[in-house]
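Since the structure comes first, as C-alpha cells, the remarks are kept for the end.
Taken together, the values in this text are just the output of simple stated rules run on the coordinates, not laboratory data. Not measured: the values here are computed from a predicted model. All Cβ positions, even for glycine, are placed from backbone atoms using ideal geometry, and neighbour counts span all protein chains on display.
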There are 2 protein chains.
Amino acid sequence: MEHNNIPLVGGIEAGGTKFVCAIGTGPDDIRAETRFSTTTPAETLGQAIAFFREQVAVHGPIAAVGIGSFGPVDLRPLSPHWGYVTTTPKPGWAHTDVAGPVSKALGVPVGFDTDVNLAALGELIWGAAQGLDDFIYLTIGTGVGGGVFARGEMIHGLIHPELGHIPLPHDWEADPYPGHCPYHGDCLEGMTCGPAMADRWGASGSDLPPDHPAWDLEAHYLALALQSFICTLSPERIILGGGVMQQTQLFPLIREKVQRMLNGYVQSPAILEHIDEYIVPPGLGGRSGVMGAIALGQASYRIAHNVASKFRA
Amino acid sequence: MEHNNIPLVGGIEAGGTKFVCAIGTGPDDIRAETRFSTTTPAETLGQAIAFFREQVAVHGPIAAVGIGSFGPVDLRPLSPHWGYVTTTPKPGWAHTDVAGPVSKALGVPVGFDTDVNLAALGELIWGAAQGLDDFIYLTIGTGVGGGVFARGEMIHGLIHPELGHIPLPHDWEADPYPGHCPYHGDCLEGMTCGPAMADRWGASGSDLPPDHPAWDLEAHYLALALQSFICTLSPERIILGGGVMQQTQLFPLIREKVQRMLNGYVQSPAILEHIDEYIVPPGLGGRSGVMGAIALGQASYRIAHNVASKFRA
C-alpha cells in the first residue's frame, strides 16, 4: 500500500473535456491510470469513484485523493461551497460539488485546487520547477490557463489566477481575427487557444505545417503574454504545456520574441543568457496535472494526519 | 527612544527624483521628516546620513533603518551586490551601493527593498491593505511601478515585479501617441506616466481640467492594466497611488471600465458589487513609501535581534 513510506493516493485531473484518474505514489509508481470524457457531473464523478473502488480492491486502500478541477472553482477553505465548480458556462456543471461526492464515496480526505495550479504543483515536485519558489505553469490548449507559485506558495488570492484572460496588444490591420473568448474577445485565450487557431486558419494547429505563418503569430501573442507575466510576477522559470505547445517549433520563436520585447529591461542572466532554460516544456509531459493531483493527495493525507494527531493529545 | 515598546527607527524612501527620510515608530509618531532632491549618490546618501545623525542627537539612538529604493535593485540576500541599485539609466547611480553606506555610517541594521514594495508594506501595516494577504500597490507618477503581496509575502521572484512594463492594447488610430518608455514605447508606463500625459497633451496633468478627454483615456489604459493584474495575481484589493492619481476623478472612471472589461468573468462580489472598496487610494496618502521604510526598519531590527540572540545561546 505504501512505497518507500509514501502513501498510496488517488489523483483526478478534472478537465472540462476529459477526466484523468490515477492511483500511485508518484510518476515512477503509477499503479493504474484511466481517462474518459467529461459528460454530466453524476456520470463523470461516478466513473471516477468506480475507478478508485476497483483499484482499491486490487492495490489496497488509498490514503487520500487530490483533485485538480477546471474552473472557476471555490477554493476558500471556510466557504460552504469549497470544492465546487462555480460559474462555469459548461452545461450542467455550474455550482457543482466536485470534492464532496468523491470524499464521501471513498471515505478519505480530499484536496482540491484548479487543474492548472496542480499542474504547476506536479512540475514543482517532480518536473521542470523542482527547487523553485517563483514560477508559472501555462497551458495552451482548448483553453489557456495557468498556475502560479510565488515565494514557494500556490497563489489563490481573491479567487485564483485566470492567466488566459489578460488583454494583449492586437494589430487589427495585420490580424483581423476578432478572438475566440466569449467574455473578452481578443484576450490571451481568445487569440491563442486551439479553437482560435482552428477558427482563424480554417485548419487545426496539428494540420498546419511547422513553417506556416500561423506559428509566428501564435508565438507573437504568447511572447506578449510572457512579457506581461514576467513584469507582473518576476518568475524564475516559465513552463509552457498543453496541446498547442506540442508544436515544439514554437519554443525558439517565443524565446527570441520575449527577449526582443523585454529589450534588455529585465537584466537577469536567466533571460539574457539562459532563456532556453527559462521558457521550457513541462518535465512531466502531458501528465503534470494528474501528477500534481497525486502530490496534493499526499499533502492532504499529511494535513489530515497532523490535524487528527492534535485531537489525540 | 521607544514608544509602546516599538523601537525608534529611520526610514528612507529613496526615489529617483527625491529622497524622503523620517524617524519615528509609525505614522502617528513621526519625530522628524525631510525631503530633498536626488542628486549624486555621495551627496544624496550623505544628506540622508546627516539627517539621521542630527535626529539621533535629539531623540536618541535608532534601532535600524529601512530603505525603499528606486530600481532596478539587487534583493538577493546572498548576492555581493545586495542593497545596490543596479542597471538604472539614472546618471551616476548605476551599480551603486545604497544600503551599505547607510548601515556603516549609522552602525545599525538596514533593511532594503524597492520603493514600491515598501509602499505596499506601509499600506499593509497601517493603510488600506490592513489584514490582506494578496494585494497590489500601484503608483502612477513620474514612472509607473508597483509592489505585490501574495499569500502575505512581498514578491521578489527572479528580480522583482516591474508592473509598469506590461504590454497593453493600443488603438493607434484613436490614439497615435507612441508612448514614453525608452525600452518598450507603449507599455503601461509608456502610456500612463506623468511625463507621457504632458508629452501627449502638451500640458501636465495637473493643468488639464477634470472633464478633459485625457482622463478618460488615462483611465482606459489603467483599467486594461488592472484587468491584466487581476487575471494574473487575483488580488483582494488594488491600491492606486502616485501623483497622477491625485486626480481623484480617475477612480470612478477606472472602476467602471474594469467592471466592463472583465465582463462578469471574475465572479467575486468584491469586483461585481463592492468595486469602490476594491480599487482604492492609499490609506497613507503620499506617505506609504516612507512609512513602509519605517516598517521594514522595525522588521530589520527584530530580525537582527533574533539572529543576535542565537549567538548568545
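Values for this structure:
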quantity: Average beta-carbon neighbours from other chains, 10 Å sphere, peptide A:160-171; calculated: 6
quantity: For chain A, with +1 on Lys and Arg beta carbons and -1 on Asp and Glu, the positive-most of A:Leu208, A:Thr248, A:Tyr301 along the dipole; calculated: A:Tyr301
quantity: Using θ = phi - 60° and Karplus 6.51 cos²θ - 1.76 cosθ + 1.60, couplings along the stretch A:246-254 (whole Hz; Gly, Pro as x); calculated: 4, 7, 5, 4, 5, 4, x, 4, 5
quantity: Cβ crowding within 10 Å averaged over residues, with B:170-181, A:257-268, B:61-72 ranked highest first; calculated: B:61-72, A:257-268, B:170-181
quantity: Averaged over A:261-272, number of beta-carbon atoms from partner chains that fall within 10 Å; calculated: 4
quantity: Rounded if a/c under 1.5, otherwise prolate or oblate - the stretch A:172-252, Cα gyration tensor axes; calculated: oblate
quantity: Nitroxide proxy distance, nm - points 7 Å out along Cα→Cβ at A:Asp171 and B:Lys18; calculated: 4.2 nm
quantity: Under Karplus coefficients 6.51, -1.76 and 1.60, residue-wise ³J(HN,Hα) of the stretch B:17-23 in Hz, glycine/proline x; calculated: 9, 9, 9, 10, 10, 9, 10
quantity: At 7 Å out from Cα toward Cβ: A:Asn263 inter-copy label distances (nm, ascending); calculated: 3.0
quantity: Karplus-derived HN-Hα couplings along the stretch A:137-151 (A = 6.51, B = -1.76, C = 1.60, θ = phi - 60°), whole Hz, x at Gly and Pro; calculated: 10, 10, 10, 10, x, 4, x, 10, x, x, x, 10, 10, 9, 6
quantity: For A:Gly16, residues with placed amide H under 5 Å, excluding near neighbours; calculated: A:Phe70
quantity: Whole-angstrom gap from the stretch B:54-104 to the stretch B:106-134, using each part's C-alpha centre; calculated: 15 Å
quantity: Histogram of C-alpha separations across chain B, 20 Å bin width, %; calculated: 33, 55, 11, 0
quantity: Förster radius 45 Å - calculated FRET efficiency between B:Gln130 and A:Arg260 (Cβ-Cβ, nearest 0.05); calculated: 0.60
quantity: Computed label-point distance, nm, for sites B:Ser206 and B:Lys104 using a 7 Å Cα→Cβ extension; calculated: 3.8 nm
quantity: Within the stretch B:56-87, backbone nitrogen closer than 16 Å to the virtual label 7 Å beyond the Cα of A:Gln267 toward Cβ; calculated: B:69-76, B:79-87
quantity: Compactness of the stretch B:170-313, expressed as Rg and Dmax over alpha-carbon positions, Å; calculated: 19.4, 70
quantity: DSSP-defined beta bridges in chain A - what % are antiparallel, rounded to 5; calculated: 65 percent
quantity: Neighbouring partner chain Cβ atoms per residue of A:70-76, average, 10 Å criterion; calculated: 1
quantity: Prolate/oblate/rounded call for the stretch B:39-143, Cα gyration tensor, a/c under 1.5 rounded; calculated: oblate
